[in-house]
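*Asks:* Submitted below is the structure of interest, expressed as C-alpha cells.
The values are calculated or read from the model by the stated rules, or taken from the named source; none is laboratory data. Values in this document were obtained by computation on a predicted structure and should not be read as measured data. Cβ placement follows ideal geometry from the backbone for every residue including glycine, while neighbour counts extend to all protein chains displayed.
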Amino acid sequence: MSLTQKLINDGNAAVDEMLAGVIAAHPEHLWRPDNAPRAVIAKHGPRPGKVTLVVGGGSGHEPTFLGYVGKGLADAAAIGNVFASPPPQPAVDAALAANGGAGVLFLYGNYAGDVMNFDMAAELLEMEGVEARTVLTTDDIASAPRDQRGKRRGVAGNVFIFKAAGAAADMMLPLDEVERIARHANARTFTMGVALSSCSLPQTRRPSFDLPAGEMEIGMGIHGEPGVRRGPLRTANEVADEIMDAILAEMDAPRGARVAVLVNSLGATPLMELYILNARVAERLAAAGLTVHKTLVGPYCTSLDMAGASITIMHLDDELQRMIDHPCDCAMFRQG
Amino acid sequence: MSLTQKLINDGNAAVDEMLAGVIAAHPEHLWRPDNAPRAVIAKHGPRPGKVTLVVGGGSGHEPTFLGYVGKGLADAAAIGNVFASPPPQPAVDAALAANGGAGVLFLYGNYAGDVMNFDMAAELLEMEGVEARTVLTTDDIASAPRDQRGKRRGVAGNVFIFKAAGAAADMMLPLDEVERIARHANARTFTMGVALSSCSLPQTRRPSFDLPAGEMEIGMGIHGEPGVRRGPLRTANEVADEIMDAILAEMDAPRGARVAVLVNSLGATPLMELYILNARVAERLAAAGLTVHKTLVGPYCTSLDMAGASITIMHLDDELQRMIDHPCDCAMFRQG
Amino acid sequence: MEFTAEDAKGLFAAFAARMQAERDALCALDGVIGDADHGIAMEQGMNAAAEAAKTVEAGTLQDVFNAAAKAFLNAVGASSGPLYATAFLRAGKAAGARPSMTAGELRTVIVAMRDGIVQRGKAEPGQKTMLDAWAPAAQAAEAGADAEAIAAAARDGAEATRQMVATLGRAARLGDRSLGHPDPGAVSASMLVEEICRAMRG
Amino acid sequence: MEFTAEDAKGLFAAFAARMQAERDALCALDGVIGDADHGIAMEQGMNAAAEAAKTVEAGTLQDVFNAAAKAFLNAVGASSGPLYATAFLRAGKAAGARPSMTAGELRTVIVAMRDGIVQRGKAEPGQKTMLDAWAPAAQAAEAGADAEAIAAAARDGAEATRQMVATLGRAARLGDRSLGHPDPGAVSASMLVEEICRAMRG
Ligand SMILES: Nc1ncnc2c1ncn2[C@@H]1O[C@H](COP(=O)(O)OP(=O)(O)O)[C@@H](O)[C@H]1O
Ligand SMILES: Nc1ncnc2c1ncn2[C@@H]1O[C@H](COP(=O)(O)OP(=O)(O)O)[C@@H](O)[C@H]1O
Ligand SMILES: [Mg+2]
Ligand SMILES: [Mg+2]
Ligand SMILES: [Mg+2]
Ligand SMILES: [Mg+2]
C-alpha cells in the first residue's frame, strides 16, 4: 500500500520541526527555554503571584495544546510525540519556566499515558517544593457511561475547560479556586464526534484504522481510537441530531439556560461542513429553549489529518460565562 | 466509484445551509439583508463617509471570503455557489447594504466568471449613482509568466491584499487611495501552492481530478484547476524550497526588507504540516536577509477538502506594514 | 411549422433535462482542465431557466427568453451565467415580442446567442471556449443549413477544441496541458444546439 | 555463563533491533484497538535506551539499566514510557550495582520488570495490557522454568489477550469491540521476553 500524502520531512522529526515553525511564526507569543525544547511558554501571562496553568499532551491535535498558551489562557504546554503523552521532564520544565509561585495546575485529557507522566512530573515538582495539582478533562460522552464520568476521555471540550481555568488564573484567583473552576468547567462540558476517515501518523504514513467509504465511526476519540460503533455515513443533520440527542440528554439543562458551542474539525473537514453542522446545532439548541452565548467553529482540537467533526456544548452559569468571555491572546486563539 | 466522505445534507443546499450556520455562529459580526441571502454584511465597520470594500467569489474557500468581513477589513461579501462567482445581484446587494456613500471597491480574485459578474454589478451600481471600482487580485505566480501578471489568478494572497485595502478604508481614506493601496498590495504579494489530493464538490462528491498517491500537483489553483506540472511528492523542505525559490526570484526584495508570510492549508492539510513548512520558509527568508514582520499559519483560503498548502509572501513597505498591522475584528480573523 | 412561446418553454425544459443527464460527464470534463463544476452550473442554470420560463403567463417569445436569462444568471453566476444570460437576452430580442415565429427562425436565435456570448465574453474562435461550438453553429445557421447540419457543425466545433490550447477562462493557465481535452463549455454548447435543432425539426 | 554490563548493552541493542523490525506490525495492532503508535513508541524508546546504554562507561549492570530507563522515558512518554522506565529501574536494582551476574539471574530481571509495570500502571492480570505477557513470564521465571518455557509463557499470555475485554488504557473504552484482537503492549512484551530469554541461553 502506498504512503499517505503528507508535507513532512522525516516522520520522527515532525514534532520538533513543527515546534521550530511555531516559534518562528509566533515569537511575540511563545518561547522555549534553551534546554527544554518540548516546553512551550507564554511570553505574556505568567507573573508572580499567579497560579501557573500547564496543559499538554501528545502532538497531532494542533492548535491544541500549544495554540492555547498565552495571556489569559495557559501559561505553558508540555509537548509529547505524536499521540503520545510528553514524558515528565517537559511538564516539569514548562511548570518551572512559567512558575508564578502560587502553585501549578496540570490540566490535560484523561489518558493512561498522560496520567502516568504528569503524575511523575507532579512528584518531581513537589520534590522541588512546588505545589502541583491535577485536573483531568473527561468531556467525551461517547467514551464511557454517564456514571463513569471519571473514565471518559478528554477531547475538544479541552478548549472551553482550558479557557475557563486560564481565565480564573489570569484573574489571580488562588490555586484552590482555579482547580475548582477547572473541575466545574469539565463537569459541564460535553463532547461527541464522528470520524469520516482515518488519520495517519507521520512516522508510518499508513491509515491508523480502516474505514470503508460510505461508513463513519461514531464516538471517535481524537487519536483514532475506535468510537462506540460503526455505521453508514449519514447526513450532516442526522449526525448533528444523534450527537445533540446524546448531549442534551446528559446535560439536562433547563429551558432558558445558556451554552457555549464548539463545532470542531478533526483535521481534514473544512469550514463549510462545520457550519452546515452548526446550522443544525443552533436549531436544536433553540428548540430546547437554550440560548447560545458563544459559538466557535473550526479546527480547534484535531487528530492529524482525520476527516470528521465533533460537537461540544458547555452548559454555562454566570461564573463560567465570565470565564469564557474573559479576554485571551494566544498565538492561535484570540478574544476580547 | 463511491462518493467522497462529507458531512453535508443536500449538495445543492450546501452553500445556503453553510450561511445559515455562519450567521447563527457569528451574530455579533455578521448579518444578511432580508432579501439578499447571498450578501453577508459586517455588523460593525460600514459607516457614512467610508469607502465600501466588497469582496466575494465562489464558496468553498472559507474562511475566504465571508470570514474577512468585519470592522477594519471588508464591509461585505458576495457569496457564490461552490467554485462559482456570485451573479451580479448579491454583489449589488452587498454594496448597497454596506454603502457609506464614499464609493465602492470590488476586490476579488481574477477569474473570468468573477470579472464578468462583478463588472455587471458595477454597471448596475453606476446606474444607481454609486461609484464602483474594481481591483483584481493576481498573486498566483504559477498561473502565468511574470510579464503577464494581469492574467494571473488570485489565491491565498487575497488575505493580505484584502487586509491592506480594508485597513485603508477603515482609516477613512478616499476611494482613490483605497484603490491605489489595493493595487499596491496586490503588486507586492506572491503565492504558490501544491496539491496533495483532489477536492470534491458537494454536488457531485467525486474527486475533481485524479492525483495518484505519491504525486503532487505544483502550482495548483484554489478550485482544483491544474497547476504547472505534476511531480512526485517531495518532502516539506523541498516543496518549501521550490516555492520560495520562485517567490524570491520574482519578489526581488533587497536584503533588510520586511515581509509578511502566510502558510495556508488548502483544506485538509493540518497545522503540523503547515508549521513544518513554515520552519523552512523562515530559514529561507533569513538566508535571504529578509525580516519576517508577521506570519499567519492555518486554513485561510481553502479549496474545499483538498490536501495541500500554499505559501504567500507580501513584500512590505512602511505603508503596507501599517495596513497589515491595523486592527481588525472579523468572525474568522481578529487582530490588534 | 410554428415555434410558439409554449415551444420556447419546452425548449428550456429540454435544455434542463439534457443538462441534468449530462451533469456528471460535463463536470468530469471540467475537472480535467478547469474546476469540475461546469455540469453543475449548466444543470442549475437550466433548471432555473426552465422554471422561470414556465411561469411566464401569456407572454411573448421575448418574455420567455428574458425570464430564462434572468433566472439562469441568478441561479448560477460563474462564467456560464453572464454568458448564457446575455445569449438568452439577445435571443429574445431576435425572436421578438411576438407570440410565435416559424421554427426556421430558430436559426436567428442561434446566431443571436453566439453574438451575446461574444458580446459578454470577448472571446475569439480558437481560444477553446463555448464559442468554438456556437460560432460554427451560427455560421451554418446564417448560411441556411438544415437542422442536422447545424447540430453537426456545433458537434464538430466542440470536438475540435480538443486540439486547441486554451487562452481564455480557467484553462488558459494550463498551456499545452489543455491539449487533447475538449472544452466543457463547448461540449455543453453543442448539446444545447442539438436541442434547438431538434425543436427546429419539430 | 556470565551476563555482564556489556551483555546488558547488547540486550538493549537486541530490544531496539527487534522493535525496529516489528514497528509497523505493532502499530497496526494498536490501530485496531488504540491509536496506532505502539510500534513507534517501542522503537523510539528502545533506540534511545540502547544508545544511552552504549554510552555507559565501565558501569555496573544497574548503571546500564538506569541509563536505559531514563532514556526510554524521555524519548517516549506515552503509556509505554513510564511503564518501561519503571520496569528498567526495578530491573537495574534486581541486577545490582555489580559488573555482572549469571545469565540465569535474568529470571530476576523479568520478575522485577513485571513488578515495575504493576507498580507504575496498577494493572491486574486479565485487563488486556502488557502485564498479561509479563505476569506469566515472571511467574514461570519465579518457578525456575527454562528460557524456552518463559518465552512461551509470555507468548501464550499475549495470545490470550485476544479473548480479553480491555478495562485499562486506551482500549478500555471499546467494550466488547476489543475482543478478538491481541493487545499490542502484550505482544511487544512477549517479544522483549523472547530477547531476554535468548540472552539467558547465551
Ligand atoms: N470569455 C469567455 N467567452 C466564452 N466562453 C467562456 C469564456 N470564459 C469561459 N468560457 C467558457 O466557460 C466554460 C466554463 O464554465 P463554468 O465551468 O460553468 O464556469 P467557471 O469557469 O466559472 O467554473 C469554459 O469551458 C468555456 O467554454
Ligand atoms: N496501566 C497500564 N498498565 C499496564 N499496561 C498498560 C497500562 N495502560 C496501558 N498499557 C499498555 O500500553 C499499551 C499501549 O502503549 P502505547 O501505544 O505505547 O501508549 P499509548 O496508549 O499512550 O498510545 C497497551 O497496549 C497496554 O498494553
Ligand atoms: Mg499514543
Ligand atoms: Mg467554477
Ligand atoms: Mg467550471
Ligand atoms: Mg498507542
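*Asks:* Are any residues in region A:249-278 free of Cβ contacts under 8 Å to residues at least 60 places away in the same chain and more than 21 Å from the chain's Cα centre (by Cα), and if so, which ones?
*Replies:* Initial filter on region A:249-278 (free of Cβ contacts under 8 Å to residues at least 60 places away in the same chain): A:249, A:252, A:254-257, A:259, A:261, A:263, A:265, A:270-278.
Selection gives A:A249, A:D252, A:P254, A:R255, A:G256, A:A257, A:M272, A:I276.
*Asks:* Suppose the filter is touching a Leu at 6+ places or on another chain (Cβ under 7 Å) and more than 16 Å from ligand 1 (Cβ to nearest atom); does C:A17 pass it?
*Replies:* Answer is no for this residue.
*Asks:* Looking at B:A253, B:A268, B:A279, which one is within 13 Å of chain A (Cβ to nearest Cβ) and within 25 Å of A:P27 (Cα to Cα)?
*Replies:* Just one listed residue meets the conditions, B:A279.
*Asks:* I'd like to know if region C:51-62 contains one or more residues that are of a type in the set (A, V, I, L, M), in a loop (DSSP other than H, G, I, E, B) and at negative phi.
*Replies:* There is at least one residue in region C:51-62 that is of a type in the set (A, V, I, L, M), in a loop (DSSP other than H, G, I, E, B) and at negative phi.
*Asks:* Taking A:A287, is it within 27 Å of B:A307 (Cβ to Cβ) and aliphatic (A, V, I, L, M)?
*Replies:* Here the answer is no, as A:A287 does not meet what is asked.
*Asks:* For region D:77-104, give me each residue that is in contact with a strand residue (DSSP E or B) (Cβ under 7 Å, 6 or more places away or on another chain) and more than 16 Å from ligand 6 (Cβ to nearest atom).
*Replies:* D:A95, D:P99, D:S100, D:M101, D:T102, D:A103
*Asks:* Can you find a residue that is out of contact with any Gly (no Cβ under 7 Å at 6 or more places or on another chain) and among the β-branched types (V, I, T) anywhere in region A:228-235?
*Replies:* Looking through region A:228-235, at least one residue is out of contact with any Gly (no Cβ under 7 Å at 6 or more places or on another chain) and among the β-branched types (V, I, T).
*Asks:* If B:A185 satisfies all but one of (1) modelled with pLDDT of 95 or more; (2) within 15 Å of ligand 1 (Cβ to nearest atom); (3) touching a Phe, Trp or Tyr at 6+ places or on another chain (Cβ under 7 Å), what's the number of the condition it fails?
*Replies:* (2)
*Asks:* When the residues of region A:10-22 are filtered to those that are surrounded by fewer than 21 Cβ atoms within 10 Å (Cβ to Cβ) and either without any contact (Cβ under 8 Å) to a residue 24 or more places away in the chain or of a type in the set (S, T, N, Q) (or both), which remaining residue is nearest to the other protein chains (Cβ to nearest Cβ)?
*Replies:* Among them, the one singled out is A:A20.
*Asks:* Which of (1) in contact with a helix residue (DSSP H, G or I) (Cβ under 7 Å, 6 or more places away or on another chain); (2) on the phi > 0 side of the Ramachandran plot does C:G175 not meet, given it meets every other one?
*Replies:* It fails just one condition, (1).
*Asks:* Report, by residue number, each residue of region B:198-229 that is within 9 Å of chain C (Cβ to nearest Cβ) and either out of contact with any strand residue (DSSP E or B) (no Cβ under 9 Å at 6 or more places or on another chain) or in a strand (DSSP E or B) (or both).
*Replies:* B:S200, B:T204, B:P207, B:D210, B:E225, B:R229
*Asks:* Can I ask one more? From B:L7, B:L30, B:L3, B:L73, grab the single residue that is within 11 Å of another protein chain (Cβ to nearest Cβ) and under 21 Å from B:G298 (Cβ atoms).
*Replies:* B:L7
*Asks:* Could you give me the residue pairs with C-beta distances under 8 Å whose first residue belongs to region C:74-85 and is touching a residue at least 40 places away in the same chain (Cβ under 8 Å) and within 7 Å of chain B (Cβ to nearest Cβ), whose second residue is aliphatic (A, V, I, L, M) and more than 8 Å from ligand 1 (Cβ to nearest atom) wherever it lies, and which are 6+ apart or on separate chains?
*Replies:* Matching pairs, first to second residue: C:G81/C:L73; C:G81/C:A75.
*Asks:* Could I ask something else about it? Just checking, which of B:Q321, B:Q335 is more than 8 Å from chain A (Cβ to nearest Cβ) and either more than 18 Å from the chain's Cα centre (by Cα) or closer than 24 Å to B:A187 by Cβ (or both)?
*Replies:* Checking each option against the conditions leaves just B:Q321.
A quick yes/no check of all residues on (1) of a type in the set (A, V, I, L, M); (2) more than 18 Å from A:T64 (Cα to Cα):
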{"site": "A:M272", "(1), (2)": "yes, yes"}
{"site": "A:E283", "(1), (2)": "no, yes"}
{"site": "A:C301", "(1), (2)": "no, no"}
{"site": "A:D305", "(1), (2)": "no, no"}
{"site": "A:I311", "(1), (2)": "yes, no"}
{"site": "A:L316", "(1), (2)": "yes, yes"}
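*Asks:* Evaluate region A:91-106: report whether one residue or more is within 10 Å of chain D (Cβ to nearest Cβ) and within 14 Å of ligand 6 (Cβ to nearest atom).
*Replies:* Step one: filter region A:91-106 for residues within 10 Å of chain D (Cβ to nearest Cβ), giving A:91.
Next cut, within 14 Å of ligand 6 (Cβ to nearest atom) only: none.
For region A:91-106, residues within 10 Å of chain D (Cβ to nearest Cβ) and within 14 Å of ligand 6 (Cβ to nearest atom): absent.
*Asks:* So how many residues does region B:149-166 have that are buried (at least 24 other Cβ atoms within 10 Å of the Cβ) and within 14 Å of chain C (Cβ to nearest Cβ)?
*Replies:* Step one: filter region B:149-166 for residues buried (at least 24 other Cβ atoms within 10 Å of the Cβ), giving B:152-166.
Filter once more, so that each one left must be within 14 Å of chain C (Cβ to nearest Cβ): B:152-155.
Count: 4.
*Asks:* Spot the failing condition for D:V187; the list is (1) away from ligand 3 (no atom under 16 Å from the Cβ); (2) more than 14 Å from chain A (Cβ to nearest Cβ), and only one is missed.
*Replies:* Failed condition: (1).
*Asks:* Now for a different question. Filter region D:127-156 down to residues that are within 12 Å of ligand 2 (Cβ to nearest atom) and closer than 19 Å to D:G180 by Cα, then give me how many there are.
*Replies:* 7
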